[in-house]
Amino acid sequence: MCGIVGYIGLKDAYPIVIKGLKRLEYRGYDSAGIALFDGNNLEVTKTKGKVADLERVALEKNSKKGSIGIGHTRWATHGVPNDVNSHPHYSNSEDLVIIHNGIIENYEPLKKELVARGYEFKSDTDTEVLINLIEDVQINEKVSLEKAVQIALNQAIGAYAIAVFDKRQENELIVARLGSPLAIGVGENEFFIASDASPFIEYTSDAIYLEDGEMAKISLKEGVVVSKIKDGVAVDPYIQKLKINLEQIEKGGFDHFMLKEIYEQPHAITDTYRGRLLANEGVIKMAGIDDNIDKFVNAKRIIIVACGTSWHAGLVAEYIFEEFSRIPVEVEYASEFRYRNPIINKDDILIAISQSGETADTMAAIKLAKQRGAFVFGVCNVVGSSISRESHAGAYTHAGPEIGVASTKAFTTQITVLALMALRIAKQKGSIANSQYHYLLHEMEQIPSKVEKVLEQNDAIEKVAEAYKDSDNCLYLGRGFNFPVALEGALKLKEISYIHAEGYPAAEMKHGPIALIDEQMPVVVIATKKGHYEKVVSNIQEIKSRKGKVIGIVTEGDVTVKGLADHVIEVPETLEPFTPLLTTIPLQLLSYHIAVKLGKNVDQPRNLAKSVTVE
Ligand code: AGP
């Protein structure tokens, strides 16, 4: 939920850490801070607000010196967002500083003990407890910083990615992770640490991803020395060559990351197919499925767990899997699944969907399913993420970095991967006719160019946004494969424009939501041909007879809905199971334009963070 960055080397740390924090602001942006050591002084500068506010404060204080620095951008968990609760936190002696992403669950009893021993606390955070616990261990046990961190972490319960610096051991940084991501960039005479690789990708493509339960001492003299937090046993670090480049994580001429990512979808979907979909040969190749095909063919049930947008992709997958693979599917909110007592049988497969691969609830659901003997398959975007590593097998979506907090290309590429999986299994099982299978594969190949066509309607969609930007509420309706799209459209609108929106299966409207309809209420109706078209047309008539405003998402050439609706946005015709890949696009653009017109912070909406690594 927070972003952490650090530098140790020969250059000025300040610009590197600040630039890195800006790249990680998607992870949290209610306060920011930096600690710099210039060989004599260890200075912390921090403030409520964004990294730009931190830069202003640092300029006023003229505190930019040092070739060792650690920085933090926060999404508050303990204590309101204010200057004092911002990271980094000093220990009582002010010799140590820490940045922390995660939660120390047992911070209250630890704090009580420290208070009893005379420690004072300035902030309400769990993090300040941890740094004083480390200091306390150092004093009492007379051990190195590395050892003190190890001992203290063995007393802490919770999740963390931390970086700790001690001005008396000025040549090293200690980092550790459990449940929150931490990458170490390995350069020449310099090292970087960060919550993901984006802050250091312009300096080095060599990275070490710490595993859960690992810590590292980083120094120019010895490099990166990795060990287990539990017992201090040394671990051989694996240096990975990163494939992302700078261009992928910058805005590339677009006003916002969200818009860039919406426009990247044709390319992202193509990347998802690449090497997997061989339509002319009638083949789908997916290593994670191919290697475990018997498990999928014999599966009695698939349980999908996910949160937010990824959960919506799971709902689309439910329709696709049941249609073609004929395997019963249940789609669960990861947060609910993990806290009940789910029945998991040995022939069940759990598919976990997560863009970030770091969502705490999804991770916990995986662990529960594994304990109960299920085979776990991860569908993640971020390569090397915790969920992808925790799964028995998986398939990456290959959407490229998604920076905007509102998920866009992650959603369409998740559906793409899941559709490929369903068809691959269906072919093996023989639950799909050969001719239909080939037809679907060829149609799938056309999706990126059809998404391009939807994007061409951006100007028309912006006009619709102008007409409805001042609405207080909005309904989204869809049926069948497009019911989850209605949910996703509503989520997109509320998360970035703060307009209240709800998605429903169109037929459910008459069971309650219809009471809301009056001349003020815009209703976005997905009314593509085939998908229960006539029934949806009747729903539109019901809305119009109550004076609601209808924005129809229709198939090119539609006449009926055009005659009824106040606005229509056309999408090219495709096979029904693939319509979500097209109908989603106008809903993303509609939310985007409404939010921009309302002056909202599209890429960093209030109260949200890109990856929710707390429970
Ligand atoms: C989507 O726009 C949201 N920002 C959010 O619902 C997100 O999809 C959810 O938190 C799950 O994240 P994940 O895919 O990284 O697990």
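Figures for the structure shown
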quantity: P(r) tail fraction, the range 156-246 - alpha-carbon pairs more than 15 Å apart, %; calculated: 58 percent
quantity: Quotient of Cα Rg and 2.2 N^0.38 Å for the chain, N being how many residues it contains; calculated: 1.01
quantity: Ordering of 158-167, 571-580, 404-413, 214-223 by packing [mean C-beta count within 10 Å, highest first]; calculated: 404-413, 158-167, 571-580, 214-223
quantity: Kirkwood Rh and Cα Rg combined as Rg over Rh, evaluated for the range 253-454; calculated: 0.96
quantity: The chain: antiparallel DSSP beta bridges as a percent of all, rounded to 5; calculated: 60 percent
quantity: Cα radius of gyration and Dmax for the range 1-91 (Å); calculated: 11.8, 36
quantity: Degrees separating the helix 308-320 axis from the principal Cα axis of the chain, which is the longest one; calculated: 40 degrees
quantity: Volume in Å³ per residue [convex hull over Cα atoms, computed for the range 430-495]; calculated: 122 Å³
quantity: Residue pairs, from the table Lys11/Lys600; Lys19/Lys61; Lys260/Lys285, whose Cα atoms sit over 27 Å apart; calculated: Lys11/Lys600; Lys260/Lys285
quantity: Accessible area expressed per residue, the range 3-248, with surrounding protein chains retained (probe 1.4 Å, Å²); calculated: 40 Å²
quantity: D (Stokes-Einstein, µm²/s), Kirkwood Cα radius, the range 100-220, 1.306 mPa s at 10 °C; calculated: 105 µm²/s
quantity: Share of carbon and sulfur in the accessible heavy-atom surface of the chain [1.4 Å probe, %]; calculated: 48 percent
quantity: Convex hull volume per residue for the range 3-248, taking Cα atoms only, in Å³; calculated: 111 Å³
quantity: q = 0.10, 0.13, 0.20 Å⁻¹: log10 I(q)/I(0) that the Debye formula gives for the range 336-417, counting C-alpha atoms only; calculated: -0.23, -0.39, -0.84
quantity: Extension gain from Gln436 to Glu323, taking 0.36 nm per residue of separation minus the Cα-Cα distance; calculated: 39.5 nm
quantity: With Cα atoms, 0 to 90° folded angle of helix 579-597 axis to the chain main axis; calculated: 60 degrees
quantity: 4 °C / 1.567 mPa s Stokes-Einstein diffusion coefficient of the range 495-615, Kirkwood radius on C-alpha pairs, µm²/s; calculated: 82 µm²/s
quantity: Pair Glu94, Asn601: separation of 7 Å Cα→Cβ label points (nm); calculated: 3.0 nm
quantity: Computed P(r) (all Cα pairs; the range 27-167; 5 Å bins; percent); calculated: 2, 11, 21, 23, 21, 13, 7, 2, 0
quantity: Among 332-339, 138-145, 309-316, 235-242, the order from most to least packed when residues are scored by Cβ within 10 Å on average; calculated: 309-316, 332-339, 138-145, 235-242
quantity: Length released on extending from Glu576 to Glu556, taking residue separation times 0.36 nm less the Cα-Cα span; calculated: 5.8 nm
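The values are calculated or read from the model by the stated rules, or taken from the named source; none is laboratory data. Please read all numbers here as calculations on a predicted model, not as lab measurements. Cβ sites come from the backbone with ideal geometry, for glycine too, and all protein chains shown count toward neighbours. Ligands, DNA and RNA are excluded from the accessible area calculation, which covers all protein heavy atoms including side chains. Shrake-Rupley method; radii C 1.70, N 1.55, O 1.52, S 1.80 Å.
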